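Asker: Pasting in a structure now, in structure tokens, and then I'll have a few things to ask.
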Amino acid sequence: MFSIYLLVSFHNGYERFFIYRVDYPVEVSDASKVQTKSWFYSNYNFTLSIFWSPYLVKIKETANYSGRFDLYLDEADPEWISHIHNYDYLVISAGQWFFRPLMFYENNIDLVGCLYCKDDINCTHFGVTYGYRRAFETAFKTINSLEDFNGITFLRTITPSHFENGLWNKGGNCIRTRPFMSNETSLDGENLDMYTTQVEEFKVAEREAKEKNNGLKKFRLLDTSKAMWLRPDGHPNTHWHGPEETTKHNDCIHWCLPGPIDIWNDFLLEILKRES
């Protein structure tokens with residue numbers, strides 16, 4: 001799952017009606033950045049880039065505890081923030097990685113708290129939305145402070161997991177084969193908390209952009225959460241590993257089946273057309 005998507009504009013602008021033709025891009029990625037990919041579409045003079053930044057802020061994986069990360073909550077991740085001046089559109093997202101054990105730092109050295117850390121660690125134990133809120137706050141404030149980026153920032157909201165009958169590491173699965181009807185379920189629990197946190201910070205950033213940047217920077221909401229909540233049938237479940245690998249957990253987070261995730265592109269394209 002990628003955390004950040006960056007797109008440049010069509011340099012010739014948008015027309016009211018479109019005639020589409022297939023274009024085969026040329027990869028122009030930096031070979032030294034394994035998880036950063038870029039493709040150039042010559043027929044459209046259009047570049048698509050993907051930058052991997054699961055927490056949006058600067059991180060360091062703890063050497064003596066595999067899987068735990070130190071997050072520097074007041075510093076945007078240079079892996080993406082140092083590049084966005086080259087782009088006209090930024091689609092930013094983050095979600096499920098914030099359910100891992102995390103240590104929170106500010107001012108580069110000050111430990112302010114943790115998530116899912118051991119009880120003997122002498123710091124404040126926060127819930128899952130604390131680091132999540134601070135990460136989006138820092139990301140949005142940094143975008144608003146940049147003088148060389150005046151593009152449109154899209155927040156793609158969190159896409160929920162659909163574990164049932166247990167957590168991901170305790171037998172949880174997602175075996176449903178059809179979507180929910182709208183009256184069968186609603187966004188709730190931690191999924192709702194994360195969604196609400198995102199949207200609250202987005203609204204703050206949108207207001208600040210209007211007040212401080214004279215409308216040069218714009219923020220738009222790419223809300224996929226409620227639509228994806230209705231699609232428990234979109235995950236690979238057990239089918240992401242071989243039948244003999246019985247010890248592996250089920251995957252009810254990633255969206256690997258055709259259909260649900262494709263509408264993200266439809267949503268984005270529609271918003272881009274309206275912006276033009």
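Asker: Taking 7 Å along the Cα-to-C-beta vector as the label spot, tell me the Asp148-Leu221 distance in nanometres, rounded to one decimal.
Answerer: Placing both labels 7 Å along Cα→Cβ, they lie 3.3 nm apart.
Asker: Between Thr246 and Leu167, what length comes free when the chain is fully extended (0.36 nm per residue of separation minus the Cα-Cα distance, one decimal in nm)?
Answerer: Answer, rounded to one decimal: 26.8 nm.
Asker: Run the reach check for Lys226 against aspartates and glutamates, Cα to Cα strictly under 17 Å, same-chain hits fewer than 8 apart removed. What comes back?
Answerer: Qualifying aspartates and glutamates at Cα under 17 Å: Glu184, Asp188, Glu190, Asp193, Glu200, Asp262, Asp266.
Asker: Per 0.36 nm of contour for each residue apart, how much would the distance between Asn265 and Lys37 grow if the chain were fully extended, relative to their Cα-Cα spacing?
Answerer: 80.3 nm
Asker: For the chain, what is the percent of antiparallel DSSP beta bridges, rounded to the nearest 5?
Answerer: The antiparallel proportion sits near 65 percent.
Asker: Sorted by packing (mean other beta-carbon atoms within 10 Å per residue), highest first, where do 173-186, 100-113 land?
Answerer: Taking the mean over residues of other Cβ atoms within 10 Å, the ranking is 100-113, 173-186.
Asker: So, by mean Cβ neighbours within 10 angstrom, what's the order for 159-165, 255-261 with the highest one leading?
Answerer: 159-165, 255-261
Asker: What's log10 of I(q)/I(0) for the range 37-131 at q = 0.13, 0.15, 0.18 Å⁻¹, Debye sum over Cα points only, no solvent?
Answerer: -0.53, -0.66, -0.85
Asker: Which Cys in the chain stand alone, with every other cysteine's Cβ at 4.7 Å or more from theirs?
Answerer: Cys123, Cys256
Asker: Express in Å², to the nearest 10, the accessible area of Glu27 obtained by rolling a 1.4 Å probe over the protein heavy atoms while all chains stay in place.
Answerer: The accessible area comes out at roughly 100 Å².
Asker: Given the options Pro232, Pro25, Pro54, which has the most mean-square fluctuation in a GNM of the chain, springs set between C-alpha atoms less than 10 angstrom apart?
Answerer: Pro25
Asker: When averaged across all projection directions, what area in nm² does the alpha-carbon convex hull of the range 216-270 cover?
Answerer: If you wrap the Cα atoms of the range 216-270 in a convex hull and average its projections, you get 5.3 nm².
Asker: Considering only protein heavy atoms and a 1.4 Å probe, what is the carbon-and-sulfur percentage of the accessible area of the chain?
Answerer: 52 percent
Asker: Which value at 222 nm does the chain reach when only helices count, each DSSP H run of 4 or more adding -39,500 (n - 2.57), with the total divided by all residues and rounded to the nearest 500 deg cm²/dmol?
Answerer: So the calculated ellipticity at 222 nm is -7500 deg cm²/dmol.
Asker: Another question, if that's okay. Determine which lysines satisfy two conditions relative to Lys210: a Cα distance under 25 Å, and not lying fewer than 8 residues away in the same chain.
Answerer: Output for Lys210: Lys141, Lys218, Lys273.
Asker: Shifting gears a bit: Determine the gain in length on full extension of the stretch Tyr44-His239; use 0.36 nm per residue of separation and subtract their C-alpha separation, reporting nm with one decimal.
Answerer: Contour length minus the Cα-Cα distance gives 66.5 nm.
Asker: Got a sec? What order do Val26, Val204, Val57 fall in by accessible area at 1.4 Å, biggest, i.e. largest, first?
Answerer: Val26, Val204, Val57
Asker: In whole angstrom, and with the biggest value first, how far do the Cα coordinates of the chain range along each principal axis?
Answerer: 56, 47, 42
Asker: Another question, then. About the Cα centre of the range 198-276, how large is the charge dipole given +1 on each Lys and Arg Cβ and -1 on each Asp and Glu Cβ? Please answer in debye to the nearest 20.
Answerer: The calculation lands at about 520 debye.
Asker: Taking the Cβ-Cβ separation of Glu211 and Arg274 as r and a Förster radius of 30 Å, what is the calculated FRET efficiency to the nearest 0.05?
Answerer: 0.80
Asker: For the chain, what is the accessible area per residue in Å² when the probe is 1.4 Å?
Answerer: Computed with neighbouring chains in place, this is 56 Å² per residue.
Asker: Using only the Cα atoms of the range 179-276, what are the Rg and Dmax in Å?
Answerer: Radius of gyration, then largest Cα-Cα span, for the range 179-276: 17.8, 59 Å.
Asker: If every alpha-carbon in the range 85-200 counts as one equal scatterer, what log10 I(q)/I(0) does Debye give at q = 0.11, 0.18 1/Å?
Answerer: Computed log10 I(q)/I(0) values: -0.52, -1.09.
Asker: Something else: Please sort 144-155, 124-135, 31-42 by packing, taking for each peptide the average over its residues of neighbouring beta carbons within 10 angstrom, highest first.
Answerer: Sorting 144-155, 124-135, 31-42 by mean packing, highest first, produces 124-135, 144-155, 31-42.
The values are calculated or read from the model by the stated rules, or taken from the named source; none is laboratory data. Treat the numbers as computed from the prediction; the structure is a model and nothing was measured. So basically every Cβ, Gly included, is an ideal-geometry build from the backbone, and we count neighbours across all protein chains shown. Calculation scope for accessible area: heavy atoms of the full protein, side chains included, ligands and nucleic acids excluded. Shrake-Rupley method; radii C 1.70, N 1.55, O 1.52, S 1.80 Å.
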